[in-house]
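Everything on this sheet refers to the single structure shown next.
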Amino acid sequence: MLNPKTTEKDFFGFVGAVTLTLGLPATVLFLNLCANDVYKAEGIKVDAEKLQLAFTEKILKNPMELLFNVSAWKWYLTWFFGLVALGQILPGKTLQGVELRDGTKLTYKINGLAVVGFVFVYLPSSYLSHGGSVPELVYVYDNFWPLMVTSFEFSLLLSCFVYAGSFVPLRKPNGKGTRERILATGGNSGNVLFDWFIGRELNPRIGSWDIKLFCELRPGLLLWGLLDLSCLYHQYKTTGTIYDSMAVVVALQWFYILDAVPNEEGLLTMMDITTDGFGFMLAFGDLTWVPFTYSLQARYLALTPLQLGYKFILVIVSIMALGYYIFSSANSQKSKFRAGKLPQMKSISTTRGTKLLCEGWWGLSQHINYFGDILIALSWCLPTRTETLLTYFYIIYFSSLLIHRQTRDEAKCRAKYGKAWEEYERQVPYKIIPYVY
Ligand code: NDP
């Protein structure tokens, strides 16, 4: 059967889907209310009176303008579809994804570097042509709230569009008749809300435009970078200088973005592309959650300039460098091993023909790459010092996400590899952080 029914629903099924659909946007709203232009978050406790004032100031004052902001919609649609157009027009290499359940493979155009290159040429040219001002960055900073709400509304519409589209049969490649779409194994429960939330179709596409791969790396990730730059520019405009805390946060986060976008082919074998459907969870996560929560540190620093000194900066950069080294060398070791380039390394054979590496990075823990990611997350939070827990939200959330991801991956590998996975667990008992977890 091409599309088996989903029997085990992830995220506690319907209840989890409803809770997350309401809870995730509420969390983004809450965090940004705490980091708003008027009041700042204070330590762990949230001042309810200030929060209420911020709520009145930002939301109740003019709710219709926030909910249906024509200017923000125009900006967002230009941004989103401008990036779609760039992805289609700019040159790139063509790669095939993993084999799908019907034995076919999808082709992907990989040109993230060209798209980022375009953005990097565009911003300085805007600076030069506007006599030393960048109106795009000013707009993004000044319209943070309308853009956040618009991106949320857009993700709602997009997830409804792909859900409805998942019921429309596809034309056969030879043009004769139609065929079923491939659905995500976890998103075909028959429960409308759950399937809409988790993603019913595995790879929704319009022509050659792959909506999931595009959303994973372009509009949200680059908007996060743009928001960071807008905060840096705001600080420069209002204080006449750029504080070292802001410079280090923006530099480290852009380093991560610049590393992720050109390496988009690595995503083709990741769980998000190979297994997960594209629904509200991914659409909202990619388009709203990533830009509007990952930029919290820069946003906080735009309102609270901090000078850290070179010694603390050195510590922060070292943590990022160590994290990046672990993350990238572990990932590269696994892909080289899987490509048959490291035959001398100790491994466990499986009945599926593949082998499980149990030496080097993959002998230290089952997901040592996640540990690298957690160190990177820490390096982004530290520049805000310890004034507020708000800017540490990222590491708290991201560590929980990686632990949940590790449990999902473990369940998948246990079912796929059986005894070989049990042997791997015996030889490599730690899940993420060696000797800790
Ligand atoms: P992994 O890179 O750890 O890949 C897990 C898969 O690798 C398993 O399903 C299995 O797949 C295979 N595998 C597991 N153990 C072994 C082994 N010992 N030897 C060989 N193959 C093995 O996880 P992800 O795909 O989740 O993450 C990839 C990267 O992306 C990580 O660095 C992660 O930190 C990062 N990431 C970043 C996020 C972000 O928002 N910044 C979000 C999520 C992840 P198979 O079925 O092929 O055997």
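The values are calculated or read from the model by the stated rules, or taken from the named source; none is laboratory data. Treat the numbers as computed from the prediction; the structure is a model and nothing was measured. Note that each Cβ is placed from the backbone with ideal geometry, even for glycine, and that neighbours are counted across all protein chains shown. Each accessible area value is taken on the protein alone, full model and side chains, heavy atoms only, with ligands, DNA and RNA left out. Shrake-Rupley method; radii C 1.70, N 1.55, O 1.52, S 1.80 Å.
When the accessible area of segment 10-303 is computed with all protein chains present and a 1.4 Å probe, what percentage of it is carbon and sulfur?
Answer for segment 10-303 is 67 percent, counting heavy atoms of protein chains only.
So what is the 222 nm mean residue ellipticity for the chain from helices alone, if each DSSP H run of at least 4 adds -39500 (n - 2.57) and you divide by all residues, rounding to the nearest 500 deg cm²/dmol?
-18500 deg cm²/dmol
Answer rounded, prolate or oblate for segment 112-169, using the Cα gyration tensor with square roots of eigenvalues a ≥ b ≥ c: rounded when a/c is under 1.5, else prolate when a/b is larger than b/c, else oblate.
Since a/c reaches 1.5 but b/c is at least a/b, the shape of segment 112-169 is classed as oblate.
Using per-residue counts of other Cβ atoms within 10 Å, averaged over each peptide, order 367-375, 57-65 from highest down.
Ranking the peptides 367-375, 57-65 by packing returns 367-375, 57-65.
Putting +1 on Lys and Arg Cβ atoms and -1 on Asp and Glu Cβ atoms, find which of M148, V168, V116 reaches farthest to the positive end of the dipole of the chain.
V168
Mind jotting down a quarter of the surface of the convex hull over the alpha carbons of segment 32-177, in square nanometres, one decimal?
Reported value for the Cα convex hull: 14.6 nm².
Using modelled backbone amide H atoms (1.01 Å from N, in-plane), which distant-in-sequence or interchain residues come within less than 5 Å of D47's amide H?
E42
For segment 95-177, which trypsin sites (Lys or Arg not before Pro) are in a loop by DSSP, counting at most 13 other Cβ atoms within 10 Å?
R101, K105, K176
What full-extension length gain, to one decimal in nm, is calculated for L193 and V436 as 0.36 nm per residue of separation minus the Cα-Cα distance?
Result: 83.7 nm gained on full extension.
Per the Kirkwood definition applied to all pairs of different Cα atoms, how many angstroms is the hydrodynamic radius of segment 180-251?
Hydrodynamic radius (Kirkwood, Cα only) of segment 180-251 equals 15.4 Å.
In degrees between 0 and 90, to the nearest 10, how far off the longest principal axis of the chain does helix 70-89 point, with axes built from Cα atoms?
The answer is roughly 40 degrees.
Under 5 Å between amide H atoms, partner at least 5 residues away or on a different chain: which partners does A184 have, H built in plane at 1.01 Å?
E201, L202
Can you tell me which lysines have their Cα less than 25 Å from the Cα of K105? Leave out same-chain residues fewer than eight positions away.
Qualifying lysines at Cα under 25 Å: K5, K93, K172, K176, K212, K334, K336, K341, K355, K412, K416.
Give the Rg (one decimal place) followed by the Dmax (whole number) of segment 142-262, computed from C-alpha coordinates and expressed in Å.
19.8, 65
Just for the Cα atoms in segment 308-437, what are the lengths along the principal axes, largest first, rounded to whole Å?
54, 27, 23 Å, listed from the longest principal axis down.
Provide the packing ranking of 314-321, 235-242, i.e. peptides ordered by the mean count of other C-beta atoms within 10 Å per residue, highest first.
Top of the packing list down: 314-321, 235-242.
For segment 325-382, which whole-number percentage of the solvent-accessible area (1.4 Å probe, protein heavy atoms only) is attributable to carbon and sulfur atoms?
Carbon and sulfur together cover 56 percent of it.
Compute the Cα gyration tensor for segment 10-303, then decide on rounded, prolate or oblate, letting a ≥ b ≥ c be the square roots of its eigenvalues: rounded whenever a/c is under 1.5, prolate when a/b is larger than b/c in the other cases, and oblate in all that remain.
oblate
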